[in-house]
Structures are given as structure tokens and as C-alpha cells.
1. Quick one: would you say Gln65 is modelled with pLDDT under 90 and surrounded by 12 or more Cβ atoms within 10 Å (Cβ to Cβ)?
2. Taking the range 96-113, which residues are in a loop (DSSP other than H, G, I, E, B) and in contact with a helix residue (DSSP H, G or I) (Cβ under 6 Å, 6 or more places away or on another chain)?
3. Among the listed residues Arg71, Arg33, which satisfies the condition of being in a loop (DSSP other than H, G, I, E, B), out of contact with any Asp or Glu (no Cβ under 8 Å at 6 or more places or on another chain) and of a type in the set (Lys, Arg)?
4. Limited to the range 80-96, what total is found for residues that are surrounded by 12 or more Cβ atoms within 10 Å (Cβ to Cβ) and either charged (D, E, K, R) or under 19 Å from Arg42 (Cβ atoms) (or both)?
5. When you look at Trp16, is it touching a helix residue (DSSP H, G or I) at 6+ places or on another chain (Cβ under 9 Å) and within 16 Å of Phe100 (Cβ to Cβ), yes or no?
6. Report yes if some residue within the range 56-77 is touching a strand residue (DSSP E or B) at 6+ places or on another chain (Cβ under 8 Å), over 14 Å from Ile38 (Cα atoms) and basic (Lys, Arg); otherwise report no.
7. Is there a residue in the range 3-22 that is in contact with a strand residue (DSSP E or B) (Cβ under 6 Å, 6 or more places away or on another chain) and over 19 Å from Glu110 (Cβ atoms)?
Amino acid sequence: MKKTLLYILGGIFILWLIYYAFIYFVPYSEGTRSGELIKFSRKGVVSKTWEGEISQGISGAQIFQFSVLDRNDEVIKQLQEYEGNYVKLTYIERFSTFFFWGDSKYFITEVEKSESPHFRR
């Protein structure tokens, strides 16, 4: 009885490890998005995560929500500095996420300040 229970728990743990590795190492898509950085904050009750939004239209009708992993210190500093400006974000989209990573499936890997196409001279 104890051996059977141990095998079942071990099997569940191995399945969870495979699921975690799949979510961590296999991106669904990669790309870039541009817009005005309208929000960037650290939020959460149990686990604090970095969350942000960019507006991709003049009226703010299209909002792109994203997360940033804690280990990306340079990206976090740049996003805090560029808030209110037009930015170009490079992201990785995952199949799913975990509560301790962030609310969104889109994770930012690079940030660069850009020029708004609406106000070019």
C-alpha cells in the first residue's frame, strides 16, 4: 500500500516537472510591440510580480498587457525610466504562466525607447 502511494505521488511529481519544463523552455511565439507605456507596477498579495501596459492606439483602444520576470533587472529599470514614453518591446509568449511569474502570458525580454508614429516630424 505504501509503495503504491509512493509511486502515485512520484508519478504526479514527475508529470508536474515535465509540465513546468514545457512552460519554461518552450515559447509559443516571439515578437515585438510598440506603444506608449502607460502603466508599470509591482503588484500581488502572495507573490509580487512586475506588470505593465502599453497603449497601441491614439485613443488607447488597444491595450497590450505584459509581465516582466524578476531576474530581468535591466528591463525593469528601463521600463520605470520610460514610463509615459513611446517604447518598442520584445517579448516571448508562453502557453501558460504560473502565479509567481505574472498575470500575463507575454514576458518582456528587451525594451528600447522609440518614436511615436503619430507625432513624427
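The values are calculated or read from the model by the stated rules, or taken from the named source; none is laboratory data. Just so it is clear, the model here is predicted, and its values are computed rather than measured. Virtual Cβ from ideal backbone geometry, glycine too; neighbours counted across all protein chains shown.
1. Details: modelled with pLDDT under 90: no; surrounded by 12 or more Cβ atoms within 10 Å (Cβ to Cβ): yes.
So Gln65 does not fit the description; no.
2. Answer for the range 96-113, where residues must be in a loop (DSSP other than H, G, I, E, B) and in contact with a helix residue (DSSP H, G or I) (Cβ under 6 Å, 6 or more places away or on another chain): just Ser96.
3. Working: Arg33 fails: in a loop (DSSP other than H, G, I, E, B).
Unique residue meeting the criteria: Arg71.
4. Selection size over the range 80-96: 10.
5. Details: touching a helix residue (DSSP H, G or I) at 6+ places or on another chain (Cβ under 9 Å): no; within 16 Å of Phe100 (Cβ to Cβ): yes.
Taking the combined requirement at face value, the residue does not satisfy it.
6. no
7. Filtering the range 3-22 for residues in contact with a strand residue (DSSP E or B) (Cβ under 6 Å, 6 or more places away or on another chain) gives none.
No - not one qualifying residue is present in the range 3-22.
Residues checked against (1) loosely packed, with under 10 Cβ neighbours inside 10 Å; (2) free of Cβ contacts under 8 Å to residues at least 24 places away in the same chain; (3) aromatic (Phe, Trp, Tyr):
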{"residue": "Leu15", "(1), (2), (3)": "no, yes, no"}
{"residue": "Ile23", "(1), (2), (3)": "no, no, no"}
{"residue": "Trp50", "(1), (2), (3)": "no, no, yes"}
{"residue": "Gln78", "(1), (2), (3)": "no, no, no"}
{"residue": "Phe98", "(1), (2), (3)": "no, no, yes"}
